[in-house]
1. Can you list residue pairs whose Cβ atoms sit under 6 Å apart, with the first residue in segment 111-135 being within 26 Å of residue 152 (Cα to Cα) and the second being exposed (fewer than 10 other Cβ atoms within 10 Å of the Cβ) and small (Gly, Ala, Ser)? Count only pairs 6 or more apart in sequence or on different chains.
2. Of the residues 44, 26, which is farther than 21 Å from residue 80 by Cα, at pLDDT 75 or above and within 21 Å of the chain's Cα centre (by Cα)?
3. Mind listing whichever residues of segment 143-157 are loosely packed, with under 14 Cβ neighbours inside 10 Å, at pLDDT 75 or above and not charged (D, E, K, R)?
4. Which of the residues that make up segment 96-115 are surrounded by 17 or more Cβ atoms within 10 Å (Cβ to Cβ), more than 12 Å from residue 40 (Cβ to Cβ) and among the polar types (S, T, N, Q)?
5. For segment 107-133, name all the residues that are modelled with pLDDT under 90, in contact with a strand residue (DSSP E or B) (Cβ under 9 Å, 6 or more places away or on another chain) and in a loop (DSSP other than H, G, I, E, B).
6. Given the options 65, 93, name the one that is at pLDDT below 90 and loosely packed, with under 15 Cβ neighbours inside 10 Å.
Amino acid sequence: MKRFRITVPTILLFLNGCSTTIPPFVEQALIGNKRSAVILVYYVVPSNFVLRVHRASISIDGRPYFFLKSGEHIKFFLNPGAHRIEVTGISSYFDHKETIDLYTDEGQSYYLETYPVFEGVTFIPYGFIPLPTVDIRFKLFVVDADGALMEIPGNPVNPEERVLRD
């Protein structure tokens, strides 16, 4: 009868295969460079509890980057130039996208505000039973520095912990 031996290299090989890596385009947004524009996105805490539980997914130029929970803000970097920033609700059944076309200049800071809005109740099919579900849409705005600094929630997050992975 043969015995199976687990060795340290076997364990390391197994653990290495399970690790998830950060996509290169997201890694660039985390590091930035001297020419990068600073982007700060904050998720305003809604007064309605039902709206508070929804997470916002942030995509840049059609690629998923980060997600935010209610009351959080995140800072990342983008190269100068034209960018399309989208926010969608991760937990929403519908794929509502709020989009902003933003032209970033070298070394400038930009502040974006997002929050969920109740769109109504919709019924989704579950076999023969229509189930009611809340329809949420996120709003996204560019705000000036004065307005942003007064409203930024006090809960900054580490961008590496909020990376959307495929």
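The values are calculated or read from the model by the stated rules, or taken from the named source; none is laboratory data. No experiment lies behind these values; they were computed from the predicted model shown. Ideal geometry is used to build each Cβ from the backbone, glycine not excepted, and the neighbour counts take in all protein chains shown.
1. 135/120
2. Selected residue: 44, the only one of 44, 26 that is farther than 21 Å from residue 80 by Cα, at pLDDT 75 or above and within 21 Å of the chain's Cα centre (by Cα).
3. 145, 156
4. 104, the sole residue that qualifies.
5. Selection gives 107 alone.
6. 93
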